[in-house]
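Visitor: Dropping the structure in here first, questions after.
Throughout, read-outs are computed from the coordinates displayed, never taken from laboratory work. All figures in this text were calculated on a predicted structure; none of them were measured in a lab. Methodologically, a virtual Cβ is constructed for each residue, glycine included, from the backbone with ideal geometry; neighbour enumeration extends over all protein chains shown.
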Amino acid sequence: MSEQVRIPYVAREKELKDLYLPMVAPEDRPQTALELLGEMLKYKRSLKLYLDVCTHCGACAEQCHSYLGTKDPYNMPVARVDLVRRVYKQVFASGPSFLRTWDGAKAIDQETIDLWYKYFHQCNQCRRCAIFCPKGIDTAEVTIAMRELLAHLGMPSRFHAGIAKNMAKTGNNMGNPLPAVLDGIEFLEEELKEETGLDIPIPVDKEGAEVLFNPSSSDLYVNTDGFMAVAKIFYKAGVSWTLSSKITETANFGLFFHEPSMREHSRLLVQAGKELGVKRLVAGECGHGWRTWRMFTETINGPLPFPVVHLFEEVLGYLRDGRIKFDKSMNPEVVTYHDPCNYARAGDLINQPRELLSACVQNFVEMTPTKELSFCCGGGSGILMDEAMKIREALAQPKAECVRSTGAEILCAPCAICKAQLPDVLEHHKVDVTVKGLSDLMGRALIL
């Protein structure tokens, strides 16, 4: 496999062992891939449907930021899926063989597998194509399936495999051991005291708490203003809450490439909630993490003993009940809002963040396109590898132009991946804006 195709780099043998994934010899991959695809077609009904019904109308092409940013024909959703469809037509589709050849069928080989690896790691699983497809084909579902297949060929990306390994060993994607997590929490409590003059606790493993809050682990170290804002909001609302020492991570990277990892991540959170006896789980700012909790957790882990709600739904309840109030004057800048893909197109979070923004900022301007039509940040589906920076910059080009056109001073991007992606790529595209989470803005405006 050439270095050009290898980007982002393939996981090494040790990382595969950590995830109980096989190391398949290159010469055995074509046949193994056929066997895996055949099994997937039996239980992933959506995959077979999408491979069957595409009419190649091309409606998706000019709506896909991956294609718009790279101008690579294989990044058209229809062309990317055709990399799988042509093998499907050759081996699995019904009909006379001469019709299959005419329909673009192709036998599988190592070149095909290399192309799968390259281009299914340039799809952000944003699902915008599904909005514009007249057949409703969701390329994200195909990408998820093909990355899963590649993982079982011994070809997950090194970045994704490393994060899944960290999560399995430490309960967070950053790989921080519990003593480091507790030290970080103690430091943030001191910061809260210095900022507010109040003793605002950040409880850990508090049994019988009303809420188990599950943040992105990056919020404990990188986006700390947002995390401290959550502590202030719970304090002001008078809500009993806690973190779990077993899991401080809402960003579930298993969704991107490995269903067993996704299932175990969800199971760990649910088990932590049961052991602590909480009334509900509250998920922090992470788009795909929210999609996983809202759309997959109960399906893959069984009936839940408590609801899973998003932080914005939780805080909006406090605001409507009068338990908290905001002072808009604390956020006087022009603010625009980036809709994380998995909020607007997969998680039913469109109006809630806007209601919170209208309560805590003075000058809000909508971006175009917006809501379910919004472009991806270009880092979705965990494409945050340093070695893929050029790709990330290209994928972010449509979003950068959308942000530039607003003239905003602050871009509210309430998702851990978006907050990791946007500052670097917007600087590359020379868009002068500060990226903040919605929690940051609420924390600045909260009246204590």
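Visitor: Need the full-extension length gain, K42 to V91, defined as separation in residues times 0.36 nm minus the C-alpha distance. One decimal, nm.
Guide: Details: separation 49, 0.36 × 49 = 17.64 nm, distance 1.40 nm.
Here the segment from K42 to V91 would lengthen by 16.2 nm.
Visitor: Further question: Taking 22 Å as R0, compute the FRET efficiency from the Cβ-Cβ separation of Y9 and A107 and round it to 0.05. Mind dumping the intermediate values first?
Guide: Details: r = 27 Å, r/R0 = 1.25.
Once the sixth-power term is evaluated, E becomes 0.20.
Visitor: Could you put F187, F326 in order, starting from the residue whose Cβ has the fewest other Cβ atoms within 10 Å?
Guide: Fewest-to-most Cβ neighbours within 10 Å comes out as F187, F326.
Visitor: Amide H neighbours of L446 under 5 Å, at least 5 residues apart or on other chains, H built in the peptide plane: list them.
Guide: HN-HN under 5 Å from L446: D327.
Visitor: Then there is this: Please list, ordered by chain and number, the residues whose modelled amide H lies under 5 Å from the amide H of R280; skip anything fewer than 5 residues away on the same chain.
Guide: When sequence neighbours closer than 5 places are left aside, the close amide H contacts are L212.
Visitor: Could you put S157, S358, S245 in order, starting from the residue whose Cβ has the fewest other Cβ atoms within 10 Å? Kindly include the intermediate steps, with their values, before the conclusion.
Guide: Working: S157 27, S358 11, S245 14.
Ascending Cβ contact count within 10 Å gives the list S358, S245, S157.
Visitor: Set the Förster radius R0 to 22 Å, insert the Cβ-Cβ distance between R320 and D348 as r into 1/(1 + (r/R0)^6), and round the FRET efficiency to 0.05.
Guide: Working: r = 18 Å, r/R0 = 0.80.
After rounding, the FRET efficiency stands at 0.80.
Visitor: Does anyone have the angle between helix 110-119 and the longest principal axis of the chain? Alpha-carbon axes, 0 to 90°, nearest 10?
Guide: It is inclined by approximately 30 degrees.
Visitor: Another question, then. When a footprinting reagent is the concern and you count Cβ atoms within 10 Å, what order do D225, D205 take, fewest first? Don't skip to the answer; put the middle values down first.
Guide: Details: D225 17, D205 14.
Placing the least packed residue first, the sequence is D205, D225.
Visitor: How far apart, in nm, are the 7 Å Cα→Cβ label points at T434 and Q271?
Guide: According to this spin-label approximation, the distance is 4.2 nm.
Visitor: Please state, rounded to one decimal and in Å, the Kirkwood hydrodynamic radius that segment 194-257 gives when every pair of distinct Cα atoms enters the mean of 1/r.
Guide: Values: mean 1/r = 0.0782 Å⁻¹.
Taking the inverse mean of 1/r over all distinct Cα pairs, segment 194-257 comes out at 12.8 Å.
Visitor: A follow-up question, please. Tilt of helix 224-237 relative to the longest C-alpha principal axis of the chain, in degrees (0 to 90, nearest 10)?
Guide: The two axes meet at around 50 degrees.
Visitor: On a full-extension model of 0.36 nm per residue, what is the gain between M295 and D52, subtracting their alpha-carbon distance, rounded to one decimal in nm?
Guide: Full-extension gain reported as 85.0 nm.
Visitor: Then there is this: By its C-alpha gyration tensor, with a ≥ b ≥ c as the square roots of the eigenvalues, how is the chain shaped: rounded for a/c under 1.5, else prolate for a/b larger than b/c, else oblate?
Guide: It comes out prolate by the Cα gyration axes.
Visitor: As a test, work out the antiparallel percent of DSSP beta bridges whose residues both lie in the chain, rounded to the nearest 5.
Guide: Numbers: 2 of 21 bridges.
Antiparallel: roughly 10 percent of the beta bridges in the chain.
Visitor: Which residues in segment 9-26 have a backbone N closer than 14 Å to a point placed 7 Å from the Cα of A168 along the Cα-to-Cβ line?
Guide: 11-23
Visitor: Once label points are set 7 Å from the Cα along Cα→Cβ at both V365 and T224, what is their separation, rounded to one decimal in nm?
Guide: 3.3 nm
Visitor: With just the Cα atoms defining each centre, how far is segment 209-284 from segment 288-366? Give it in Å.
Guide: 15 Å
Visitor: For I131 and R444, what is the calculated FRET efficiency with R₀ set at 30 Å and r taken between the beta-carbons, to the nearest 0.05? Don't skip to the answer; put the middle values down first.
Guide: Numbers: r = 33 Å, r/R0 = 1.11.
Computed FRET efficiency for I131 and R444 comes out at 0.35.
Visitor: Hey, can you grab everything whose amide H is under 5 Å from the amide H of D138? Only 5+ residues off in sequence or another chain; H modelled, so Pro and N-termini drop out.
Guide: Under 5 Å from the amide H of D138: no residue qualifies.
Visitor: Count neighbours as other Cβ atoms within 10 Å of each site's Cβ, and list the trypsin sites (Lys or Arg not before Pro) in segment 27-87 that are DSSP loop with at most 12 such neighbours. Please list the in-between numbers first.
Guide: Numbers: sites: K42, K44, R45, K48, K71, R80, R85, R86; in loops: K44, K71.
Answer in residue order: K71.
Visitor: In whole Hz, what ³J(HN,Hα) sequence does segment 10-15 give by Karplus (6.51, -1.76, 1.60; θ = phi - 60°), x for Gly and Pro?
Guide: So the Karplus estimates, Gly and Pro as x, are 6, 4, 8, 4, 4, 5 Hz.
Visitor: Let me ask another. Relative contact order (percent) for the chain, with alpha-carbon contacts under 8 angstrom and 6 or more residues of separation? List each step's numbers first, then the result.
Guide: Details: 793 pairs, mean separation 74.4, N = 448.
Dividing the mean separation by the residue count of the chain yields 17 percent.
Visitor: Next question. Which whole-Hz ³J(HN,Hα) couplings does segment 431-444 yield from phi under the Karplus relation 6.51 cos²θ - 1.76 cosθ + 1.60, θ = phi - 60°, glycine and proline marked x?
Guide: For segment 431-444, the Karplus curve yields 9, 8, 8, 9, 9, 9, x, 5, 4, 4, 5, 5, x, 5 Hz.
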